[in-house]
Structures are given as structure tokens and as C-alpha cells.
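One structure is given here, and the rest of the page talks about it.
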Amino acid sequence: MSAHLQRLRRAPALPISIALLIVIYAVGVAEIDGFGGQSTIRAVLLLSSFLGLAAAGQTLVILIGGIDLSIPFVVGAANVAVAQLAGKGMSFVLAIVIVLAAAGLFGALNALISVRCRVHPLLITLGSGTAIVGLVQWWTKGLPVGGAPNWLSSLVSIGANTGPVPVAPVVVIWLVLAILFVFLLRRTVFGRKAYALGSAPEAAALALIRPVRIWIAAFAISAVLAAIAGILQLGFTGSADATVGSPYLFLSVGAVVIGGTAIGGGTGGYTGTAIGALTLTLLTTVFAGLGLGDALQQTVLGLAIIVLVGAYGRGAHVRTRI
Amino acid sequence: MSEVATVQAAAPVTPRRTVRVDPTSLFGAGLLVALLVVNLATNPSSFAPANLAATFGLATPIILAAFAVTPSLLVGNGGIDLSVGPVMGLVDVIIVHDLIGRAGISDPVVVVVVALATGLAVGLVNGLLIAYVRIEPIVASLGTYLACSGVALSLLSSPGGSVPNWLGELAGGASVVTVLAALAVWWLFTRRPAYTQLMATAGDERAAFTSGIDTARIRVLAYVLGGLLAGIGGLALAAVLGSADPTVGPNYTLTGIAAAAFGGVSLAGGRGGILRALVGAVAIFLLQNLLTYLNVSPFLLDVAYGAVLVAAVAVNGQIGELLARRRRP
């Protein structure tokens, strides 16, 4: 791999965001009684895995220069659709397969419309996401019949172990998917094309990289991962809820940018996003432990995003781009 | 010499005076007309002279939200202001809950000044973060989005309070004042050289910078202008709600951006203006009005809203693309 590509893929944010993670953890341990034990770590890892999965696709989509605002809607729609299909007597595994396939198609359609009509995916994904949740809700009349089977709940229960490892199986699933995702971005032709497309679309086109294919793949992957997060959430909460994904509208973008992936594409990677997801979840947990309300939490989150991105995600001055 | 003279005489340079209509504005306008016709046919009572003022009043927060996102979209280079909705909500909370409710100051001048100053301040912060700290607009304004909605929630955790009569009037017959004020601000802006410089920055930031335009200052100006319009929008929101509510503001960001795009304001910058935002906002309001009146399931309302949004943006994009192709030799 060329030195240039290596420089592009090195996440300058990593040392800072890891340090931040440790600082937040230390504050939690110092200020909150009983914080930092096994149960805290179990809970933070579990909650991070949902956000981490939902933000994985967002990382890829942002890397190629897009953004996917349909993630919260896909999380909610998949959550409800799987419960409804299973509630109508379909085997749960088949329901998952159908929902994931539908999510993939949905993502591909978003990409196709954005690329073909040359419009920013921000509004396309927002509109299609609103429509898909409405459709699923209309189908279930707002009251999905089914729930989660026991095996799914045991995957995401805080007390569950994965063999000898004392974390819920979903955390292990997240870890495996994270490794695969980093491999996909760093070691495959697809990943290389995605970075090329994100950093210089015109040059990528001259290198015979077909943007339509990459965009379709990226948005489809994003939707499928969001759907997986939604299905796992069903196991966590036990009953279906179409609004379960709404925090991810901005949290998924937040995790990506805190992790050092630049909006506009071309730089960053999934390791940063995974740490970003951990940081955001830990921050929320510590705030909850300190008894500070939602309002202050949101304010601090907003300031944190600005300060962190201001520290390591600054753009180039126009005079250096001439 | 005489040959040259003949050639010159044969091809007199007379500028053709034709009104050119940019087709990217037509889709939104057509949609507006169609929606107006359907609305009038199904639900004439809300457009009867007696109710028209109240109906228009309901539309003003959407219209002003669409106005407020327009300058940042126009300046291009990834320009977008997500904080518009939370700013409107924050203005509502500050003026109704803190200024009028707690401090007991309901003098119109003070209230209006505080509302506009709040909007301007957030706009200035956005602009400085984006133009000088050089944080991507979507990230910087996401930060201020979260901060503003957080501050609004910490000032007031649940809806409450009431508005004085003069402010309540802004939801009825006087609602047109806020929109006219915003239009006047925009009109004054378009008379200034800064407007041309803004459009130049949107077209090609590097070329604009090389020709001596202080592009950073222009970008700050765009966000400050958006903040000012959001401040006016906060007044309209307070009037329509008739109370302080920290939860409704944030919804207006995406509605405003959708409305601007509906009307034909390009998300890539450089194309559009506040009149297109007006067309788009009224169209979105009419769509919501129609679907609510038809009493369809709220879920189907979401489906229709989402589908029309995607269709409008895609068609506008397609028209823009065709135009660009035709202009290229």
C-alpha cells in the first residue's frame, strides 16, 4: 500500500478519542459510587454495540461522500416488521432474512436515486426513511403483534455470557462484524475503491471506478446493518417500537465524526467510529449516573462534537486548495 | 477595413430581452398550484376570507424555517444549517418563558430585539465555526443543534406559559408581518455586493477567493443571515404555539430544508433564492394541510410526505442535470 493511502487511512482522531474515553471513565469512577465495575462495562458494551452497528454503515456512506439519514427509520421499520412477520406465524429466521433483504433493496434504491438524479442523499434518505416507517406502521396499524423469541433476547441480555467471556453475545457479534468491516475497508478492492471515490470522485471515475455500484453497495450495507441493529433492539426491549431508532439520527453521525471520519469523504475508518460509539455511550451512562438530565447531556454532546472535530477534523484553508 | 466594418454591421450586438425562467423552479411552483387547487376543492373553508389569516398564520413557522436554511444552502461548499429548528425553539422558550413569563417584560421592542439577537448570536457562532475554525457545516451546525435544543430543554422541561396579545396577533392577521419582514431583510441583502459575492463563492470558492472576495467573511454572513431569519421564525413559532415549548423546534430543521429543496433551492448551492423557499414551504404546508384534512392514517401521511419529498428532490435534480448537460458544449 502506498504511503499516501496509509496516511489517508491513519485516523488522527484515535489517540484523542481514546484519551477522552479514559478521561470519561475516570470521571465516572471518581464521581459515581459503584461505577466502573463489571456491570457498568457490560452495559456500556451492550449499548455501544447497537450504536456501533448502526454507525458502521454510516461510516462507509460518509467515506464515499454521502450521508444516510434513513438509519433511524430503518432501525425502527426492521424492529417492527420482524415482530409483525413472526407474530403472523412466520419462522423468526425467515422473517429476519426477508427484512434484511428488503433493507438491502431499500438502501440500493436510495443510492440509485441519489446518483442518477445527482441529488444529495441527505434529503433522499430522509424522505424514503419517513416513507418506509410510515408504510410499516400502516401495515401493522401501529400495533405489531409479535415479540422477540427467547434466543434473540438471550443474545442481548445484560447478564448473558458468551461461553467463558462475560459479555453478551451481541458484543462478540459486534466485534466480529467490526473486524470484518475494517478488513473490508482496508484490505479489499471494494474498500480501496470506496476511499478513492470519497477523496476524489472525478479521478476515481477516470480510474474506471463505477460510482453507481459503490454507492449502491454502500447504502445497501448501511441499511442492512441498521436493520440488524433494529432486530437486535427487539430482543433488548422485548416488544416492537417504530421509534426505537430515533436517537440514531444524529448519534450515528456523531459517532462517525468523533471517530475522525471526515464528512465529505475520503478519510477515516471504522476503528474510529467504534471508539466514537463507545465514547458517546459512556458519556451518556456517566451523565445518567451523575443524575444530570437529558437536556444538559444534549448540550454537552453538541459542544463535545464541535470541540473534538475542531481539534482534529479541520478542513483546509481555501488558499491551500488553489 | 471595410470588410471588417461590413461584418460588424451584419452582426449587430443587440442583447435579447427575453425573460428566462429557470426550469428548476417550475416543478415546485407546479406542485404548489396543484396542491392549492386540490386544497381549495376539498377544503374550501380553511381558505375562506374569515379563516385565511389563521391558515396563513399556521404556515408562517414553516415558511420562516425554509427562509432561514436558504442562505446557508445557497453559499454552497457543503453549506447547511441544521440548527435552524432548535434556534426557533430556543427563541420561543427564551422570550415566552424567561422574558415574558419570569422577567415580566412584554414590551414588543425588547422581545423582538431579544429574539433577533438570539438568532443572530447562534448564526454568528455557526458562521465562525464553519468559516474560520473550518469545521464541516453539517457537523458544526449539528453541534449547535444539540446545544440549542439542550439549552432550551434545561431552561424549560415541559411546555407552558402564555403569550401577550400583540404576539398572539402574529398567529392571525398580523402573521404576514413576520414573512414580509424576512422578505425585506432578504431583498435588502440582494441589493448589496455581498449577495453577488455569495453567489460567486457558491459557484467556485477558489475562483472567488482568487479574485479578491473574502470568502470566509461571506460564509459567516450567510449563517448570520440564516440566524436572523431563524430568530424571526422563533417569533412566529411562539405566536402560533401561544406558549413556550422546548420540544417542537428541532422538527423545523428538516421540514425547512425539505421545503427549500421542494421549491428548487439547490442543496449544492448557487441556485435559488428566498422566493423558491417560499414556494416550497407553502407547498409543504398545503400538502400537510390536505393530508390532515383528508383524515388519512398518520402513517400514510408519513408515506405520502416522504414519497413526495423524494420525488420532488429527484425531479429537481434531474432537471438541473439536463440543464447542465445542455449548457455544456
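The values are calculated or read from the model by the stated rules, or taken from the named source; none is laboratory data. Keep in mind it's a predicted model, so treat the numbers as computed, not measured. Here the Cβ is made from the backbone with ideal geometry for all residues, glycine too, and neighbour counts use every protein chain on show.
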Next on the checklist: Looking at A:Val119, A:Val61, A:Val80, A:Val136 in this structure, which one is among the hydrophobic types (A, V, I, L, M, F, W, C), within 14 Å of chain B (Cβ to nearest Cβ), free of Cβ contacts under 8 Å to residues at least 12 places away in the same chain and buried (at least 21 other Cβ atoms within 10 Å of the Cβ)?
Outcome noted: A:Val119
Item to check | Residue list for segment B:76-91, filter: surrounded by fewer than 24 Cβ atoms within 10 Å (Cβ to Cβ) and of a type in the set (Asp, Glu) | outcome: none
Checklist outcome for this item: In the set A:Ala131, A:Ala148, A:Ala103, the lone residue that is over 19 Å from the mean Cα position of the chain (by Cα), surrounded by 21 or more Cβ atoms within 10 Å (Cβ to Cβ) and modelled with pLDDT of 90 or more is A:Ala131
Next on the checklist: Given the condition at negative phi and within 14 Å of chain B (Cβ to nearest Cβ), answer yes or no: does some residue in segment A:83-101 qualify?
Outcome noted: yes
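Could you say whether any residue in segment A:301-308 is surrounded by fewer than 20 Cβ atoms within 10 Å (Cβ to Cβ), at the interface with chain B (Cβ under 7 Å from one of its Cβ atoms) and not in a loop (DSSP other than H, G, I, E, B)?
Narrowing segment A:301-308 to residues surrounded by fewer than 20 Cβ atoms within 10 Å (Cβ to Cβ): A:303, A:307.
After this cut, where a residue has to be at the interface with chain B (Cβ under 7 Å from one of its Cβ atoms) as well, the list is A:303.
Narrowing the set further to residues that are not in a loop (DSSP other than H, G, I, E, B) leaves A:303.
Checking segment A:301-308: at least one residue is surrounded by fewer than 20 Cβ atoms within 10 Å (Cβ to Cβ), at the interface with chain B (Cβ under 7 Å from one of its Cβ atoms) and not in a loop (DSSP other than H, G, I, E, B).
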Checklist entry - If you scan segment B:152-173, which residues turn out to be surrounded by fewer than 21 Cβ atoms within 10 Å (Cβ to Cβ), facing chain A (nearest Cβ under 10 Å) and not polar (S, T, N, Q)? => result B:Leu155
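Can you pull out every residue in segment A:243-286 that is hydrophobic (A, V, I, L, M, F, W, C), within 11 Å of chain B (Cβ to nearest Cβ) and out of contact with any Leu (no Cβ under 7 Å at 6 or more places or on another chain)? Can you show your working first?
At the first step, the residues of segment A:243-286 found to be hydrophobic (A, V, I, L, M, F, W, C) are A:244, A:249-251, A:253, A:255-258, A:262-263, A:274-275, A:277-278, A:280, A:282-283, A:286.
Those left that are additionally within 11 Å of chain B (Cβ to nearest Cβ): A:249-251, A:253, A:256-258, A:262-263.
Scanning segment A:243-286 gives A:Val256, A:Val257, A:Ala262, A:Ile263.
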Next on the checklist: Tell me whether segment B:109-123 contains one or more residues that are of a type outside the set (Ser, Thr, Tyr) and within 14 Å of another protein chain (Cβ to nearest Cβ).
Outcome noted: yes
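Would it be correct to say that A:Arg314 is surrounded by fewer than 20 Cβ atoms within 10 Å (Cβ to Cβ), within 14 Å of chain B (Cβ to nearest Cβ), basic (Lys, Arg) and in contact with an Asp or Glu (Cβ under 9 Å, 6 or more places away or on another chain)?
Values: surrounded by fewer than 20 Cβ atoms within 10 Å (Cβ to Cβ): yes; within 14 Å of chain B (Cβ to nearest Cβ): yes; basic (Lys, Arg): yes; in contact with an Asp or Glu (Cβ under 9 Å, 6 or more places away or on another chain): no.
In short, no.
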Checklist outcome for this item: Among helices (runs of 4 or more DSSP H) entirely within segment B:243-329, at least 2 residues that are within 14 Å of chain A (Cβ to nearest Cβ) and within 30 Å of B:Leu155 (Cβ to Cβ) occur in B:251-263, B:274-293
Next on the checklist: Just to be sure before I move on: is B:Leu237 surrounded by 21 or more Cβ atoms within 10 Å (Cβ to Cβ), away from every other protein chain (no Cβ under 14 Å), touching an Asp or Glu at 6+ places or on another chain (Cβ under 7 Å) and on the phi < 0 side of the Ramachandran plot in the structure I sent?
Outcome noted: yes
